[in-house]
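Everything below concerns the one structure shown next.
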Amino acid sequence: MKDHRDKPFRDAYTDREAAKGAPSTPQTRAPAYKLAFSDDEFMCRDELRPVRLQLELLKPELMLDEQGIESTIVMFGGARIPEPAKKDSARTKTLADLSVFYDEAREFARLMTLKSMESNGKENVIVTGGGPGVMEAGNRGAVDAGGASIGLNIVLPFEQAPNEYVTPDLCFNFHYFAIRKMHFLMRARAITVFPGGFGTLDELFEALTLIQTGRMQRVPFLLFGKAFWDGIINWDVLADAGTISAEDLDLFRFVDTAQEAMDLIENWEPAARRDKVPGR
């Protein structure tokens with residue numbers, strides 16, 4: 001990152017600090033006098049939403065570039081999936097049974113991070129939503145391997161802090177779900193989806209739609225837990241009804257273990273970009 005002082009013009013940092021030392025007068029104390037970019041109340045106005053959207057797009061992008069992150073492996077999955085050691089506290093037996101995917105997510109992230117570190121550690125970096133459950137398992141697996149991982153957290157009505165395993169310099173917080181989802185996919189070399197709820201389904205179908213419609217290149221797209229996914233989504237009915245094409249079912253694969261996922265990603269044969277979408 002360039003030193004902000006190494007520029008011919010007086011910079012925003014300097015003026016921000018200088019403004020703090022202005023004499024206290026009715027004029028300088030008035031909200032109108034505040035520098036616009038340092039005025040929190042102004043920045044939170046409804047009319048400034050386009051600016052805030054742009055800032056949420058730019059900040060992680062610039063900081064990931066500065067860290068040299070070239071590509072990512074996306075891990076979507078439920079915040080409520082407990083680690084096996086804590087499965088007795090799960091709300092339902094089904095959640096307790098799904099705790100196996102905490103371990104699979106952790107192991108997958110460990111294996112992928114080890115492989116990433118064989119090169120420069122800047123490619124195929126694990127990225128999660130930064131929260132608990134499967135997300136925690138993904139960041140934890142990267143720590144197990146001695147590598148870095150990204151967390152894309154979001155402000156929610158109930159308290160949520162990033163899990164303790166996210167690399168601090170790669171931990172981001174969002175206000176807008178849409179911009180957060182863009183950052184999940186902008187560098188994606190593969191997408192993995194573990195059992196989850198509404199949020200996971202939203203992420204799953206948005207990513208699939210982008211690939212189906214040719215708006216995103218095809219990448220390995222793996223759903224962990226075939227029994228779970230077949231139980232909540234009747235994929236064949238969609239194809240039989242004609243609401244999707246039969247070939248759309250080839251956009252993803254089912255896996256049950258971390259090693260299966262690693263093998264599929266390593267042996268993935270990229271298909272042509274889908275610019276035409278028959279039957280959509």
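A few points about this structure:
- Any hit, segment 255-273, residues being over 26 Å from Ile126 (Cβ atoms) and either over 22 Å from the mean Cα position of the chain (by Cα) or modelled with pLDDT under 95 (or both): yes
- Of all residues in segment 138-162, those being closer than 22 Å to Ser89 by Cβ and more than 14 Å from the chain's Cα centre (by Cα) number 7.
- Among the residues here, Asp103 does not qualify as part of a helix (DSSP H, G or I), touching a residue at least 40 places away in the same chain (Cβ under 8 Å) and of a type in the set (D, E, K, R).
- Residue check: Ala79 meets all listed conditions (1) in contact with a Gly (Cβ under 6 Å, 6 or more places away or on another chain); (2) more than 28 Å from Ala142 (Cα to Cα); (3) among the hydrophobic types (A, V, I, L, M, F, W, C) but one, namely (2).
- Any hit, segment 116-126, residues being in contact with an Asp or Glu (Cβ under 7 Å, 6 or more places away or on another chain), within 30 Å of Pro60 (Cα to Cα) and in a helix (DSSP H, G or I): yes
- Taken over segment 144-199, the residue count meeting the criterion of being over 22 Å from Gly68 (Cα atoms), among the aromatic types (Phe, Trp, Tyr) and surrounded by fewer than 21 Cβ atoms within 10 Å (Cβ to Cβ) is 4.
- Among residues that are modelled with pLDDT of 95 or more, in a helix (DSSP H, G or I), in the same structural domain as Gly141 (by TED's automatic domain parsing) and under 18 Å from Met135 (Cα atoms), Ala227 is not included.
- Odd one out for Glu70, checked against (1) loosely packed, with under 11 Cβ neighbours inside 10 Å; (2) part of a loop (DSSP other than H, G, I, E, B); (3) modelled with pLDDT of 95 or more; (4) of a type in the set (D, E, K, R): (1)
- Test for Glu203: is it assigned by TED's automatic domain parsing to the domain that holds Arg106, crowded, with 17+ Cβ neighbours inside 10 Å and either under 12 Å from the mean Cα position of the chain (by Cα) or part of a strand (DSSP E or B) (or both): yes
- Flag if Thr128 is over 13 Å from the mean Cα position of the chain (by Cα), in the same structural domain as Leu223 (by TED's automatic domain parsing) and β-branched (Val, Ile, Thr): no
- All of Thr192, Thr167 fail the test of being of a type in the set (Ser, Thr, Tyr) and in contact (Cβ under 8 Å) with a residue 60 or more places away in the chain, apart from Thr192.
The values are calculated or read from the model by the stated rules, or taken from the named source; none is laboratory data. Computed from a predicted model, the values in this text were never measured in an experiment. Every residue, glycine among them, receives a Cβ derived from its backbone with ideal geometry; neighbour counts consider all protein chains shown.
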